[in-house]
Amino acid sequence: MPAVFRPRASLAARFHPDLLLWGPLCAAAVAIALLQGAGGDLWLADHVYAWEGGHWALQHAWVTETLVHQWGKRTDVVIWLTLAALRIVLAREPSTRAWWRPLDYLLIASVAGPLLVSWMKSWTDVDCPWDLARYGGKHVYVELFQSRPAGYGPGQCFPAGHASAAYGWVALFFGLGAVQPRWGRIGLVAALCAGLLFGLSQQLRGAHFASHDVAAVAVCWTASWLLARLMLPRADAPA
């Protein structure tokens, strides 16, 4: 008789599903309102810019540009390809059936969030800090959804694309959690730490404001939540 996938009661299953979506989204909305509407973005960037000596001293530093930015992206790709290879191998072993759907979910959800972020960047028209005259660039600061002055061209910095590559792995909370709740929690912490590292590194380079990173993790979490509802079984569903 073929193995039947019986999901464990994960942390996600202990809360109403909508709370896992709207709780983080409301927190993100408040954070973005404080950072953009109340000037938090500029306050933080002003201090970072001053700390770096009145220019983006870390824009091309080896740690921020090469290690975290370039090699960080490559590491993300390697992790995804490793999971894809693992999924192919496990497909030949019926005894590993419990992992099939979680791995399928992870392969899709981990890229869905970053792809949504990339699409949003194409129309939100928000500049990076290094584009602004305030920080050595040429543009005035324009908030999200405000009209841009003529001749500026499109801004493509909101949400944060690089951080989304790491935040896409918040899907581990649902994917690993469907098999072993503790692994899901560990995966979530790892994804948030990696996203924070990617995001802070880009802020130090002048590539993003803090709100850009908050928006990135919110988009990735939403995509992960939606796909989990579509692809992963509920812990209380009949076997």
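Since every read-out is calculated from the coordinates, none of them should be taken as a lab result. Everything numeric here is computed off the predicted structure, so don't read it as measured data. Methodologically, a virtual Cβ is constructed for each residue, glycine included, from the backbone with ideal geometry; neighbour enumeration extends over all protein chains shown.
Table for the structure above
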| item | result |
| --- | --- |
| Choice from SER164, SER118, SER147 with maximal GNM fluctuation in the chain (Cα, 10 Å cutoff) | SER147 |
| Whole-angstrom gap from region 111-169 to region 201-219, using each part's C-alpha centre | 9 Å |
| Cys residues of the chain counted as unpaired, since no other Cys beta-carbon is under 4.7 Å | CYS26, CYS193, CYS220 |
| Nearest 10 degrees, 0 to 90: helix 71-90 Cα axis against the chain principal axis | 10 degrees |
| Computed over the chain: relative contact order in percent, which uses C-alpha pairs under 8 Å that are six or more apart | 32 percent |
| Where the Cα pairs of the chain fall when distances are cut into 10 Å bins, in % | 8, 29, 31, 19, 10, 3, 0 |
| Over the chain: helical MRE at 222 nm, DSSP H runs n ≥ 4 each giving -39500 (n - 2.57), nearest 500 | -18500 deg cm²/dmol |
| Degrees between helix 97-124 axis and first principal axis of the chain (Cα, 0 to 90, nearest 10) | 20 degrees |
| Candidates per trypsin sites (Lys or Arg not before Pro) in region 61-167, loop by DSSP, up to 10 other Cβ within 10 Å | ARG92, LYS138 |
| Longest site-free stretch - the chain; sites: chymotrypsin sites (Phe, Trp or Tyr not before Pro), DSSP loop, at most 13 other Cβ within 10 Å | 16-144 |
| Of VAL78, VAL219, PRO149, farthest towards positive along the dipole that unit charges on Lys, Arg, Asp, Glu beta carbons give the chain | VAL78 |
| Angle in degrees between helix 40-51 and the longest Cα principal axis of the chain, rounded to the nearest 10 | 70 degrees |
